[in-house]
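The next block holds one structure in the form of structure tokens; read it before the comments.
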Amino acid sequence: MKILVTGGAGFIGSAVVRLAVSRGHEVVNVDALTYAACLDNVALVAESSLYAFEQVDIRDRFGLDTVFAKHKPDVVMHLAAESHVDRSIDGPGDFIETNITGTFNMLEAARKYWAASGKPETFRFHHISTDEVFGSLPDDPDVLFTEYTPYDPRSPYSASKASSDHLVRAWHETYGLPVVLTNCSNNYGPFHFPEKLVPVIILNALAGKALPIYGNGENIRDWLYVEDHADALLLVIEKGELGRSYNIGGENERTNLELVQTICAILDKKRPKPSGTYADQITFVTDRPGHDARYAIDPSRIRNELNWRPSVTVAEGLEKTVEWYLSNESWWRALQNRQGVGERLGVPK
């Protein structure tokens, strides 16, 4: 199977690329190489005869048409997106252009190619999205996001992803484009660009800097190890039902404070400080606007229909993640001067 992956030099996209090539699939990585992308993320497969790279922005419709015509993919996995909530608050325009207009361009390029190819039944357009489109949940363990949860986005980022989801469904219903959709919980793991919570905490801890936590740290997220997510995404492209969406969760809810405390405890064990603990560096900062209280996914559909479950708990996954950052200092050191590394919008209380 030849898979066209957009955003394949990013965090989740590169995990998909590495796993797909390791399983013998041909992969065409389409990435604009914006600030958070890094071709080192796919260095393990870059020399494979199964791998090809095209530097194309999904806002460039002509470029996309050229890629489809040249590589003739069997399926598309659309991961390219602006994905940082904080950045979407500061500058929503890029999120509208990339996540909405870019997805429109991908759908039209895919539809044109699919029609010109005789509308093969095996073609798939897999749109990868987020649980943030559903809004916020109450602090009740019995209330979870399902595939039927109404959309209620609260940030420019989640609104742009909700819009892209609706476009994908519309192209399926209106034009018959064969699509599948997935909405995932918070990802973490190797090659995570150091602007999100987990890598920021790890690298700030090692640098002796403050470990910023929004508000009182009681916001709850479900945490999904990125390599588990990549495995689920490939399963959906192979066995998912057309027109159907699947929620992919890690089945691991934690408050942000609990998550940071777990990372600190792992670092205390693996690289102890001369005195004190890493938790001493925790600093509570002013909450960001529109900060959703809780995300939690009900993964029953993908578990029951496709027989998928995550392979690691959040404790196991965080230990693997911390070990990866400790063992791959050259990767993150090379990113230190990039815009946004280690930044959060909050300010100390």
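Quick grid of which residues meet (1) closer than 20 Å to A36 by Cβ; (2) surrounded by 19 or more Cβ atoms within 10 Å (Cβ to Cβ); (3) in contact with a strand residue (DSSP E or B) (Cβ under 9 Å, 6 or more places away or on another chain); (4) not aromatic (F, W, Y):
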position: A170; (1), (2), (3), (4): no, no, no, yes
position: E173; (1), (2), (3), (4): no, no, no, yes
position: L181; (1), (2), (3), (4): no, yes, yes, yes
position: C184; (1), (2), (3), (4): yes, yes, yes, yes
position: N187; (1), (2), (3), (4): yes, yes, yes, yes
position: H192; (1), (2), (3), (4): yes, yes, no, yes
position: K196; (1), (2), (3), (4): yes, yes, yes, yes
position: P199; (1), (2), (3), (4): yes, yes, yes, yes
position: G215; (1), (2), (3), (4): no, no, yes, yes
Among all residue pairs at least 6 apart or on different chains, which show Cβ distances below 7 Å where the first residue, located in region 192-221, is acidic (D, E) and the second is assigned to a helix (DSSP H, G or I)?
E218/L257
Mind listing whichever residues of region 304-315 are over 17 Å from N247 (Cα atoms) and either part of a loop (DSSP other than H, G, I, E, B) or free of Cβ contacts under 8 Å to residues at least 12 places away in the same chain (or both)?
V312, T313
Looking for something part of a loop (DSSP other than H, G, I, E, B), surrounded by 14 or more Cβ atoms within 10 Å (Cβ to Cβ) and among the acidic types (D, E) - is there at least one such residue anywhere in region 264-283?
no
Out of everything in region 238-261 that is farther than 17 Å from P310 by Cα and among the β-branched types (V, I, T), what residue ends up being surrounded by the fewest Cβ atoms within 10 Å (Cβ to Cβ)?
T255
Single match in D90, D65 (criterion: surrounded by fewer than 20 Cβ atoms within 10 Å (Cβ to Cβ), modelled with pLDDT under 95 and either among the hydroxyl-bearing types (S, T, Y) or farther than 21 Å from P190 by Cα (or both))
D90
Can you tell me which residue among P156, P138, P120, P150 is of a type outside the set (A, V, I, L, M, F, W, C), over 21 Å from A232 (Cβ atoms) and surrounded by 17 or more Cβ atoms within 10 Å (Cβ to Cβ)?
P156
Please go through region 13-44 and give me each residue that is closer than 17 Å to P190 by Cα, over 16 Å from the mean Cα position of the chain (by Cα) and not hydrophobic (A, V, I, L, M, F, W, C), ordered by number.
S22, D40
Within region 270-297, tally of residues that are more than 18 Å from the chain's Cα centre (by Cα), closer than 26 Å to S158 by Cβ and not polar (S, T, N, Q)
8
Of the numbered conditions (1) out of contact with any Phe, Trp or Tyr (no Cβ under 7 Å at 6 or more places or on another chain); (2) touching a residue at least 12 places away in the same chain (Cβ under 8 Å), G91 fails exactly one; give the number of that condition.
(2)
How many of the residues making up region 25-45 are under 20 Å from N328 (Cβ atoms), free of Cβ contacts under 8 Å to residues at least 60 places away in the same chain and not in a loop (DSSP other than H, G, I, E, B)?
2
I need a count of the residues in region 84-105 that are outside any helix (DSSP H, G or I) and within 17 Å of the chain's Cα centre (by Cα).
1
Of the residues N105, N204, N186, which is of a type outside the set (V, I, T) and over 30 Å from P272 (Cα atoms)?
N105
Would you say A162 is surrounded by 18 or more Cβ atoms within 10 Å (Cβ to Cβ), touching a helix residue (DSSP H, G or I) at 6+ places or on another chain (Cβ under 6 Å) and in a helix (DSSP H, G or I)?
yes
Given the conditions (1) more than 30 Å from R271 (Cα to Cα); (2) buried (at least 20 other Cβ atoms within 10 Å of the Cβ); (3) aliphatic (A, V, I, L, M), report the number of the one that A230 does not fulfil.
(1)
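One line per residue, one yes/no per condition, for (1) touching a residue at least 24 places away in the same chain (Cβ under 8 Å); (2) of a type in the set (V, I, T):
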| site | (1), (2) |
| --- | --- |
| L137 | yes, no |
| V143 | yes, yes |
| Y148 | no, no |
| S163 | yes, no |
| V168 | yes, yes |
| W171 | yes, no |
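The values are calculated or read from the model by the stated rules, or taken from the named source; none is laboratory data. The shown structure was predicted, so the numbers you read here are calculated from the model rather than taken from an experiment. Virtual Cβ from ideal backbone geometry, glycine too; neighbours counted across all protein chains shown.
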